[in-house]
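Since the structure comes first, as structure tokens, the remarks are kept for the end.
The values are calculated or read from the model by the stated rules, or taken from the named source; none is laboratory data. For clarity, every value in this text was computed on a predicted model and none was experimentally measured. Here the Cβ positions follow ideal geometry from the backbone for every residue, glycine too, while neighbour counts run over all protein chains shown.
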Amino acid sequence: MARNPVTDLRGAHLHFDPHAGIAGDMTVAALVDLGVPRDVITGAVEALGLEGLETRFEARKRGAFVATGFVVTCPSGVSPAKGKRRAHAHGHAHPTHHAHDEAHSHHDHEAHGHDHEAHAHRDYAEIRERLRKARLAPATRDLALAIFERIAIVEGARHGVPVDEVTFHEVGAWDSLADIVGAAAALSYIAPASVSSGPVVLGTGQVKTAHGLLPVPAPATAALLQGLPVLSEGKGELTTPTGAAILAAIVERFGPAPPMQLLATGYGAGTKELPDRPNVLRVMAGKPLGQGLPDASAQVWLLQTNVDDMSGQLVAPLVEALFDAGAVDAWCTPIFMKKGRPAVEVSALAPPAVKAAVENAFFVHSSTLGVRSTPYHRTVLGRAHATVETRLGTVKVKLASRDGEIIGVSPEFEDCRALARRIGKPVREVYEEAAASARALRTNPGPAPGPRKTAAAPPAKKGRRSPRR
């Protein structure tokens, strides 16, 4: 479990393979098996402040695979673990005045028995407030809120109630809250440049709910996956609403994995053995090969807003907040608005996994009332960092490659400036020396940067951002 080098994962492309469906706990387990540190998950769950809620990871064998399982132990009386064929429950929403005392147990067509344990009812407003107050990283909080919001919207639409009046019978139970927050924490930790997924396997048969027998997929699952490629295979219910909501929130392309150098593979196990396939969710991490093909490029969101009623002194802190929220680039453009008013157009590029966090930063750190968003594909060169020796001292440089060949070098400006201050030389002189030494790497490069392991560069100093194009 967690066998893969964590340094390889940050900013990688993630590809989900839900050949046996997907649930919240399987997602968390697969990402930990991929290489996300366990304490990222446990820390996020503990931040919810739910007394008596405990988590652990365990090894499980499913078919011929040894995979990781994620187990949540709830306080007495609130766990919906019994009777579930998968390690995740469904949320069927009802108006808040329409209460049910019996629990929802979900079984496939062959399993007609069900439990009637007492389940806590949690409405969307309560869950949203708890997430907002929890001491979570902004990107984790925003992604978890986005996942829950998707579920609340489809449940409200199905039952004809406002979103804030949606009551979750099982998805709102604490173990499911831990699944969603854990998945959000793991995804935010990786901050993938892009995410893809194979077709979603739904399962077949029926599920037993408080509404009676319902065909697989459950109504919420079907609504969440509307417009996406799905397969009706396998016995029983294989994809839960939470698993569907996670995919809908983060995946921008469905189909085969793009051309990439495979860095790591993680397997997350469900709780049951399936008769026709290993009950595991596979997640692969890789570096796109960068051959200019649409499938090898990373999707990003261009987020923009126009600001004309805020002090210009506050624009720089806004841009810094956008970077802190996970934007890969941010910039400002002077513009004129109606009646000749001078204004600033603030733009940011955000990977899908942090779109909600970057969007939130716009609202929190500016006076804007709205943010525009447009999906774009961004083809990036392979990147690596190296250190060059000059007659003036040592300087870090960035190397860019395409198809295994170094095609660009650039000295790190902050390194040049720091060295110039130490030796009393102009920054320009140090920069030119470093650039000359770096250009020598193009004629005698050694291993080219790009889709291969490289040492991570030191984090940028606060207040300075290098260009991200």
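Below is a table of values for the structure above.
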item	result
Cβ pairs under 7 Å, 6+ apart, first in the stretch 125-137 and in the same structural domain as I147 (by TED's automatic domain parsing), second among the polar types (S, T, N, Q) and surrounded by 15 or more Cβ atoms within 10 Å (Cβ to Cβ)	A137/S188
Some residue of the stretch 50-60 being out of contact with any strand residue (DSSP E or B) (no Cβ under 8 Å at 6 or more places or on another chain), hydrophobic (A, V, I, L, M, F, W, C) and touching a residue at least 24 places away in the same chain (Cβ under 8 Å)	yes
Of the criteria (1) modelled with pLDDT of 85 or more; (2) buried (at least 24 other Cβ atoms within 10 Å of the Cβ); (3) more than 25 Å from W301 (Cβ to Cβ), which one V181 fails	(3)
Selected residue [surrounded by 20 or more Cβ atoms within 10 Å (Cβ to Cβ), of a type in the set (S, T, Y) and modelled with pLDDT of 85 or more] from Y431, Y376	Y431
Given (1) of a type in the set (V, I, T); (2) at pLDDT below 90; (3) over 29 Å from E320 (Cβ atoms), number of the condition T454 does not satisfy	(3)
Residue that is farthest from E237 (Cα to Cα), among those in the stretch 188-217 that are aliphatic (A, V, I, L, M) and surrounded by fewer than 19 Cβ atoms within 10 Å (Cβ to Cβ)	A191
Residue check, L274 assigned to a loop (DSSP other than H, G, I, E, B) and touching a residue at least 40 places away in the same chain (Cβ under 8 Å)	yes
Condition check for K355: out of contact with any Gly (no Cβ under 9 Å at 6 or more places or on another chain), at negative phi and not assigned by TED's automatic domain parsing to the domain that holds R439	no
First in the stretch 315-337 and over 15 Å from D142 (Cα atoms), second anywhere and aliphatic (A, V, I, L, M) and assigned to a helix (DSSP H, G or I), Cβ under 7 Å, 6 or more apart	A330/V319; A330/L322; C332/V315; C332/V319
Residue that is farthest from the chain's Cα centre (by Cα) [pool: residues in the stretch 399-424 that are surrounded by 18 or more Cβ atoms within 10 Å (Cβ to Cβ) and not in a strand (DSSP E or B)]	A420
Unique residue being among the basic types (K, R) and either under 22 Å from L145 (Cα atoms) or assigned to a loop (DSSP other than H, G, I, E, B) (or both) when the list is K355, K396, K287	K355
Test: residue in the stretch 333-342 that is of a type in the set (G, A, S) and either farther than 22 Å from E320 by Cβ or not assigned by TED's automatic domain parsing to the domain that holds L303 (or both)	yes
Residue count, the stretch 334-368 (criterion: within 30 Å of I190 (Cα to Cα) and more than 20 Å from the chain's Cα centre (by Cα))	8
Number of the condition not met by N279 [criteria: (1) within 25 Å of the chain's Cα centre (by Cα); (2) outside the structural domain of T68 (by TED's automatic domain parsing)]	(2)
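Yes/no matrix, rows are residues, columns are (1) basic (K, R); (2) under 20 Å from A244 (Cβ atoms); (3) outside the structural domain of L262 (by TED's automatic domain parsing); (4) not in a loop (DSSP other than H, G, I, E, B):
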| position | (1), (2), (3), (4) |
| --- | --- |
| V28 | no, yes, no, yes |
| L31 | no, yes, no, yes |
| D39 | no, no, no, yes |
| E51 | no, no, no, no |
| T55 | no, no, no, yes |
| A59 | no, no, no, yes |
| V66 | no, no, no, yes |
